[in-house]
Amino acid sequence: MAEQTSDLMDRIVSLCKRRGFVFQSSEIYGGFSSCYDYGPLGVELKRNVKDAWWRAMVVQRDDVVGLDSAIIQHPEVWQSSGHLAGFADMLVDCKTCKGRFREDHLPDLDCPNKDKQFKGRKAAQCQQDGLMTDARAFNLMFKTFAGPMEDTSSTVYLRPETAQGIFTNFNNVVTSARMAPPFGIAQIGKSFRNEITPGNFVFRTREFEQMEMEFFCPPEDDEKWYEYWCDARFNWYVQNGVRKENLRMRPHASDELAHYSSGCTDVEYLYPFGWGELEGIAKRGSYDLDAHSKGSGKELSYFDEANKNRYVPHVVEPAAGCDRAAMTFLIDAYNEQEIGDGEKKEVRTVLHFHPRIAPITVAVLPLVKKAGMPERAREMQNSLMEVGMRTFYDQKGAIGRRYRRMDEVGTPYCVTIDGDTVEGDGTVTVRDRDSMAQDRVAFDEVVPFLLQKQREWKRPE
Ligand code: GAP
């Protein structure tokens, strides 16, 4: 993947900051590389992404249950899982520009050296010409200490994936929730990786959130479930508004697979900087349960009463990044549209979020700040809040400008309270973000009208 960000990416990053989606972390101290804070709209966006995932993966199924395991776990968890020995990237240093790179990224990277002789060159060429150091393994796990002593006996790690907390709780969940394969355990939470080259905004950071599910099934059924989850996960992005043509499934070549994995497919998205992994669906076999059984001395297996057969379930794992998904929804929603004619021609920036994903669902706008309109607008806002819609009240500025501000943050509907609402036929204007069409709707009908519109929403071309 090319590492340079395009103009489009720059405009998206700037919108994120200007409108309060994502800020550089510790900005007043000059920022801290690759760390980001989510602002008022970003936090709503991310929450909606997580809610949509949880709804599809847990709430709407009866074969998946949830878990929230600790970030800091027994260090032997990482010994058994293989992370201590093998969770490493190969790192190279350039002797000329002093840059530090992941070896597997070299073929896609442009040489960052500004010197004329390196212009237009791929970083891989520098390696072929002997300008890079030999590759060395760099473990990606963050280390810290538990308790007051800072020595090897108190060394602990921040988890680099949420998955291992699921495997170590396998017996607890089977017995407490009385689950039998095929079943899944889902978890959303922070993970940490000391990435060598974070970048492309929140695409690759050192602290991020994952949405992972481990699906345990009889060994003979793992291919069936792998295909099932590949389809289900691709469709989830489409159902939540991402355009199909910007997504693809990329099965891993055999030399890309982890040694324990017999298959892995990435859901990839066409980012402004090229195709990139959004989520991976992997067949992990019985590797993790076997490894933790061996490491802990506790058997992690399932006894099938009906067939009087004990076996170690195989695992199919859909593993998604929450920050990456939120960024993908935002990029895919982004549109600059030319509207109006002649003097009135203007560019409208609009985010075509699915109403489920949009940070604000409805803006409530009194046309003017008087004549009883603000009071009726507050009443409207309360009835929308009561049915769980995220609202925003704005009474400042020309109505056209207020609509534009809402378009730019992807608010699907605006409800305007005007003279007719207060003194006329009691109707309000409901304005649709995507078509910009306006309907007159009776005040008391607005809630059912918007709920219906949300259900019928389709991504505009
Ligand atoms: N348990 C398997 C696992 O962690 P992964 O492919 O390493 O698999 C899963 O990670 C997902 O987590 C990725 O597809 C990506 O969306 C997200 N992810 C991984 N590393 C990330 C990083 N440094 N920054 C942001 N998201 C990341």
Next item on the list: Would you mind calculating the gained length between M385 and M249 on full extension (0.36 nm times residue separation, minus the Cα-Cα distance), in nm to one decimal?
Entry: 45.1 nm
Checklist line | Cut-off under 5 Å, modelled amide H: who pairs with F392 long-range | finding: V362, A363, V364
Note to self: Quick check: the distance between the Cα centres of segment 187-263 and segment 301-318, to the nearest angstrom?
What the structure shows: 23
Next item on the list: Rank G82, Q187, L278 by how far each Cα sits towards the positive end of the charge dipole of the chain (+1 on Lys, Arg Cβ; -1 on Asp, Glu Cβ) and give me just the farthest.
Entry: L278
Note to self: Among A232, M385, C16, which residue has its Cα furthest toward the positive end of the charge dipole of the chain, with +1 on Lys/Arg Cβ and -1 on Asp/Glu Cβ?
What the structure shows: C16
Next item on the list: Under a cut-off of 29 Å between alpha-carbon atoms, report the lysines in cross-link reach of K190, not counting same-chain residues fewer than 8 places apart.
Entry: K17, K46, K50, K143, K244, K283, K294, K298
Next item on the list: Determine the per residue accessible area of the chain with all protein chains present and a 1.4 angstrom probe, expressed in square angstrom.
Entry: 49
Notebook entry, point to check: Tell me which lysines have Cα within less than 19 Å of K116's Cα, excluding those fewer than 8 residues away on the same chain?
Noted result: K95, K98
Note to self: Rounded to the nearest 20 debye, what is the charge dipole size of the chain about its Cα centre when +1 sits on each Lys and Arg Cβ and -1 on each Asp and Glu Cβ?
What the structure shows: 1140
Next item on the list: Check the straight Cα-Cα distances from K370 and name the lysines below 22 Å, setting aside those fewer than 8 residues away within the same chain.
Entry: K396
Margin query: So if I place +1 on the C-beta of Lys and Arg and -1 on the C-beta of Asp and Glu, and nothing else carries charge, what would the dipole magnitude of segment 351-449 be about its Cα centre? I want it in debye, nearest 20.
Written below: 540
Check: Roughly how many percent of the accessible protein surface of the chain is carbon and sulfur, given a 1.4 Å probe and a whole-percent answer?
Finding: 49
Item checked: Distant-in-sequence amide H partners of Y36 (H built 1.01 Å from N, under 5 Å) -> S25
Checklist line | 222 nm mean residue ellipticity, helices alone, for the chain (DSSP H n ≥ 4; -39,500 (n - 2.57); rounded to 500) | finding: -8500 deg cm²/dmol
Next item on the list: For the chain, give the share of DSSP beta bridges that are antiparallel, in percent and rounded to the nearest 5; count only bridges with both residues there.
Entry: 85
Margin query: What distance in nm lies between label points placed 7 Å from Cα along the C-beta direction at D341 and D304?
Written below: 7.1
Next item on the list: Would you please give the residues with an amide H less than 5 Å from that of H314, counting only those at least 5 places away or on a separate chain, with H modeled from the backbone geometry?
Entry: C217
Check: What FRET efficiency would be calculated for the residue pair S153, A85, taking the C-beta separation as r and a Förster radius of 25 Å, to the nearest 0.05?
Finding: 0.85
Item checked: Spatial separation of Cα centroids for segment 378-398 and segment 19-88, in angstrom -> 30
Note to self: What does the extension gain come out to for A137 and S25, with contour length at 0.36 nm per residue minus their alpha carbon separation?
What the structure shows: 37.5 nm
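The values are calculated or read from the model by the stated rules, or taken from the named source; none is laboratory data. Just so we're clear, the structure is a prediction, and the values are computed from it rather than from any experiment. We place every Cβ from the backbone using ideal geometry, glycine too, and count neighbours over all the protein chains shown. Protein only, heavy atoms only, side chains kept; ligands, DNA and RNA dropped before computing areas. Shrake-Rupley method; radii C 1.70, N 1.55, O 1.52, S 1.80 Å.
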